[in-house]
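Since the structure comes first, as structure tokens, the remarks are kept for the end.
The values are calculated or read from the model by the stated rules, or taken from the named source; none is laboratory data. Computed from a prediction, not measured in an experiment: that's the story for all the values here. Cβ: placed from backbone, ideal geometry, glycine included. Neighbour counts: every protein chain shown. Surface accessibility is based on the protein's heavy atoms, side chains included, excluding ligands, DNA and RNA. Shrake-Rupley method; radii C 1.70, N 1.55, O 1.52, S 1.80 Å.
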Amino acid sequence: MNTSGTVELDSIFGALADPTRRDILRRVARNQLSISQIAQDYNLTFAAVSKHLIVLEKAKLIIKNKVGRRQFVRAYPAGLKDADDYLEFYRQIWENRLDSLGQYLNEDKE
């Protein structure tokens, strides 16, 4: 993987490392929400919620758009593609190992 891809993965996994950001992403994946709608559910200042949104936006996990004086946030699922590709590599390794273990156990019974 090139350095650019590593930086993107670091950004994605760094953003997802925080439970508040994961919760925000989960919420905006269901519905587009205004920043004030997002902030009302957390015991955080508006500025702290805004910082979480900046991290998610830099990781390309959300998109903000302005309608009048309000800003809305929605999930950007394509931003998870790099992380999914990375995890798929390891998923295949583990599935192959589990298949091999299953074969070994079946042969051992016979």
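Looking at the chain, the accessible area is 72 square angstrom per residue; that uses a 1.4 Å probe and ignores ligands, DNA and RNA.
The Lys64 and Glu107 beta-carbon pair, evaluated with R₀ = 41 Å, returns a calculated FRET efficiency of approximately 0.15.
For the stretch 34-76, a/c is not less than 1.5, where a ≥ b ≥ c are the root eigenvalues of the C-alpha gyration tensor, and a/b does not top b/c. That puts it in the oblate class.
A simple spin-label model places pseudo-atoms 7 Å from Cα toward Cβ; at Trp94 and Asn43 they are separated by 3.3 nm.
Considering Cα pairs under 8 angstrom that are at least six residues apart, work out the relative contact order of the chain and quote it in whole percent. Walk me through the intermediate numbers first.
Details: 88 pairs, mean separation 29.7, N = 110.
Computed over the chain, the figure is 27 percent.
For the chain, what % of the accessible area comes from carbon and sulfur atoms, probe 1.4 Å? Let's see the in-between values first.
Values: 4110 of 7910 Å².
Result for the chain: 52 percent of the exposed heavy-atom area is carbon or sulfur.
Estimated purely from DSSP H runs of n ≥ 4, each contributing -39500 (n - 2.57), the mean residue ellipticity at 222 nm for the chain is -21500 deg cm²/dmol once divided by its residues. For Asp18, the accessible area of its heavy atoms, probed at 1.4 Å with every protein chain present, is near 40 square angstrom. The lysine pair count for the chain, using Cα distances under 23 Å and pairs eight or more places apart or on different chains, is 7.
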